[in-house]
């Protein structure tokens with residue numbers, strides 16, 4: 001498919017499917033609907049007039065749940081009358097004490113630092129978009145979000161905890177803590193945001209808010 005552009009700004013009128021990489025020209029769609037790829041039927045972009053409010057609410061809820069997930073014990077293990085409380089921080093400290101410095105550093109970034117950064121970026125971006133301020137800052141935040149979002153692995157961490165619980169079920173008494181359910185809810189919110197609020201839609205939303213809808217095609 002050959003596309004002739006009059007200027008670099010015309011690139012904003014096209015979108016590439018992130019699954020099959022087919023190029024499409026953006027078209028106006030109704031509120032609550034989405035545009036699908038003509039080849040693989042993946043969602044290219046959506047139109048939601050309340051995206052800022054919904055995104056901000058979900059981001060704040062996810063951030064609060066993540067804090068709760070790291071304050072209280074995830075699980076309590078009772079073996080022969082001895083209780084052991086496991087938290088995210090205690091796991092990292094145990095790895096450090098065992099000499100696994102690189103592994104502990106990776107876990108620290110993948111399940112604590114990056115998730116916190118991602119949701120702080122979401123909260124900051126949606127807040128600035130709602131206030132219609134920080135045009136340059138939102139650009140930098142979205143670029144940073146695109147770079148670190150693939151490294152967010154809280155869902156894999158949750159699955160590894162579930163696998164460990166299953167393996168220890170016959171060897172010890174296991175009690176699920178409040179942090180486990182907070183982590184579970186956090187992962188669900190994160191999956192919902194990643195599937196329903198694509199970063200490309202945030203770029204489109206940013207353009208519409210700061211530069212106005214001069215052309216219907218930019219909506």
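Read the figures in this text as sums done on the coordinates, not as results from a lab. All of these numbers come straight from a predicted model, not from anything done at the bench. With ideal geometry, Cβ positions are generated from the backbone for all residues, glycine too; neighbour counts draw on all protein chains shown.
Of note:
- Cβ-to-Cβ counts within 10 Å put 22, 138 in ascending order as 22, 138, the fewest first.
- Among 53, 201, 149, the ranking by other beta carbons within 10 Å of each residue's beta carbon, starting with the fewest, stands as 53, 149, 201.
- Whole-number percent relative contact order across the chain, with pairs defined as alpha carbons under 8 Å at least 6 apart: 26
- The fewest-to-most ranking of 15, 199 by surrounding Cβ atoms within 10 Å reads 199, 15.
- For the range 49-218, taking the reciprocal of the average inverse distance between every pair of different Cα atoms yields a Kirkwood hydrodynamic radius of 17.8 Å.
- Computed from Cα positions, the angle between helix 114-131 and the longest principal axis of the chain comes to roughly 40 degrees.
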